Amino acid sequence: MSLAKQLRVPALEVRQNASRVFYVFAVDGKLVPHFAAVSRIERKPTGRLNGYQRPEVLAHIQEIRQYIEGTDPLIPNAVVIAFDGRVRFERSRDSSRDQTCSQVGTLVIPVTAGESEAEKPGFIVDGQQRLAAIRDAAVPSFPIAVTAFITDDLKQQTEQFILINSTKPLPKGLLYELLPATEARLPSHLEKRRYPAYLLGRLNRDAESPFKGMIQTPTTPTGIIKDNSILRMIENSISDGALYRFTGVENRETDDTAVMALLMRFWSAVRQVFPSAWKLPPRRSRLMHGVGIVSLGFLMDAIAERLRKKSIPSSSDFAGDLRGIQEVCRWTDGYWDFGPGLKRKWNELQNTPRDVQLLANYLLHEYKQRVWSRQ
């Protein structure tokens with residue numbers, strides 16, 4: 001049986017408002033791994049997202065380690081740790097209660113030998129690379145400043161992680177997968193992507209989704225379709241297309257059921273009409289490539305508009321219209337015929353604004369000529 005201990009460190013309690021409190025203290029960086037873990041992102045079998053950290057960047061860690069092992073190193077910026085409710089703050093008897101924004105005292109952190117990462121009371125929100133470098137550095141100790149907050153709410157931990165790292169070169173896929181698990185107000189560029197990221201997660205996990213397990217994210221690294229391609233397709237439709245009328249603009253509330261139904265019915269029809277190009281790597285199928293995903297998103301909007309009287313067209317409705325342009329599509333071989341003197345080999349199309357516009361305009365033109373105008 002392991003023996004529980006307590007690490008007691010002098011700390012300053014800072015109250016920013018009635019409900020938000022954080023703590024500032026200093027501790028030997030080599031002790032941090034004993035009470036704080038790195039919560040690397042993973043998805044449970046139930047689909048629930050757990051964790052929020054990025055993987056260690058070894059080259060960056062090595063650079064910091066060499067600096068720490070050098071002459072007179074200085075790392076003044078604090079790491080950020082989220083503690084659970086087992087950590088408590090004891091106000092000093094000498095601390096004046098008249099100080100409304102700060103109090104002096106002691107932070108009491110339980111430390112138990114042999115604990116697994118998940119059992120530790122702290123999780124590193126920011127400073128993973130610095131702490132890894134200190135851990136591995138050939139120095140006896142290295143004190144570091146820590147800013148900490150106490151909460152048992154994983155959402156609050158995740159929100160702080162996103163806010164702290166939103167201006168850093170954090171992997172975008174990690175941010176996108178974390179966004180749906182948050183509720184706090186975020187920077188506008190992230191706020192805009194929260195709902196599309198939620199829809200992406202549903203498309204990647206729901207059993208009936210044609211995209212199930214196919215979208216590449218940190219928790220689905222084997223996916224073949226880039227997450228950003230799906231996000232752009234969804235964002236375009238929410239902004240100016242078929243999803244617009246279901247997402248709180250024309251209606252009072254966003255209709256998630258209608259949004260998911262439209263997306264899954266259209267892309268199920270795409271899978272049905274183009275089976276030989278479906279589920280292939282993008283290098284073998286431009287249907288699975290960003291240029292194909294985003295361009296077909298515009299076609300989805302056009303078909304849904306033509307069939308708007310049905311509210312949400314069925315998969316068979318979508319498939320019927322898609323078959324009208326089937327013969328002009330060159331997803332896996334041949335040449336796209338964009339007009340006199342403008343032929344492009346199937347795999348020459350790239351995920352650039354120019355090529356996306358070229359392909360989208362072509363598909364829409366052919367659709368209106370072959371299907372819409374003949375109805």
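The values are calculated or read from the model by the stated rules, or taken from the named source; none is laboratory data. The model shown is predicted, which means the values in this text are computed figures rather than measured ones. Here the Cβ positions follow ideal geometry from the backbone for every residue, glycine too, while neighbour counts run over all protein chains shown.
I'd like the full set of residues that are in contact with a strand residue (DSSP E or B) (Cβ under 7 Å, 6 or more places away or on another chain) and under 16 Å from residue 265 (Cα atoms), limited to the stretch 212-241. Selection gives 230 alone.
Within the stretch 99-135, restricting attention to residues that are more than 34 Å from the chain's Cα centre (by Cα) and assigned to a strand (DSSP E or B), the residue that is nearest to residue 14 (Cα to Cα) is 102. Given the conditions (1) in contact with a strand residue (DSSP E or B) (Cβ under 9 Å, 6 or more places away or on another chain); (2) modelled with pLDDT of 90 or more; (3) surrounded by 14 or more Cβ atoms within 10 Å (Cβ to Cβ), and given that residue 10 satisfies all but one, which numbered condition is not satisfied? Going through the list (1) in contact with a strand residue (DSSP E or B) (Cβ under 9 Å, 6 or more places away or on another chain); (2) modelled with pLDDT of 90 or more; (3) surrounded by 14 or more Cβ atoms within 10 Å (Cβ to Cβ), residue 10 breaks only (3).
When the stretch 31-87 is limited to residues that are in a loop (DSSP other than H, G, I, E, B) and of a type in the set (S, T, N, Q), the one that is modelled with the highest pLDDT turns out to be 77. Within the stretch 318-352, restricting attention to residues that are without any contact (Cβ under 8 Å) to a residue 12 or more places away in the chain and either in contact with a Ser or Thr (Cβ under 7 Å, 6 or more places away or on another chain) or among the acidic types (Asp, Glu) (or both), the residue that is surrounded by the most Cβ atoms within 10 Å (Cβ to Cβ) is 337. Does any residue of the stretch 235-256 turn out to be farther than 23 Å from residue 302 by Cβ, modelled with pLDDT of 70 or more and either under 16 Å from the mean Cα position of the chain (by Cα) or aromatic (Phe, Trp, Tyr) (or both)? Checked the stretch 235-256: no residue is farther than 23 Å from residue 302 by Cβ, modelled with pLDDT of 70 or more and either under 16 Å from the mean Cα position of the chain (by Cα) or aromatic (Phe, Trp, Tyr) (or both). Do we have residue 186 as assigned to a loop (DSSP other than H, G, I, E, B), buried (at least 16 other Cβ atoms within 10 Å of the Cβ), modelled with pLDDT under 90 and not polar (S, T, N, Q) here? Taking the combined requirement at face value, the residue satisfies it. Take the conditions (1) of a type in the set (D, E, K, R); (2) within 20 Å of residue 19 (Cα to Cα); (3) in contact (Cβ under 8 Å) with a residue 40 or more places away in the chain; residue 90 misses just one of them, which is (3). Scanning the stretch 255-314 for residues that are touching a Phe, Trp or Tyr at 6+ places or on another chain (Cβ under 7 Å), in a helix (DSSP H, G or I) and farther than 18 Å from residue 212 by Cβ yields a total of 7.
For the stretch 351-372, the criterion of being in the same structural domain as residue 226 (by TED's automatic domain parsing), in a helix (DSSP H, G or I), among the β-branched types (Val, Ile, Thr) and modelled with pLDDT of 95 or more is satisfied by at least one residue.
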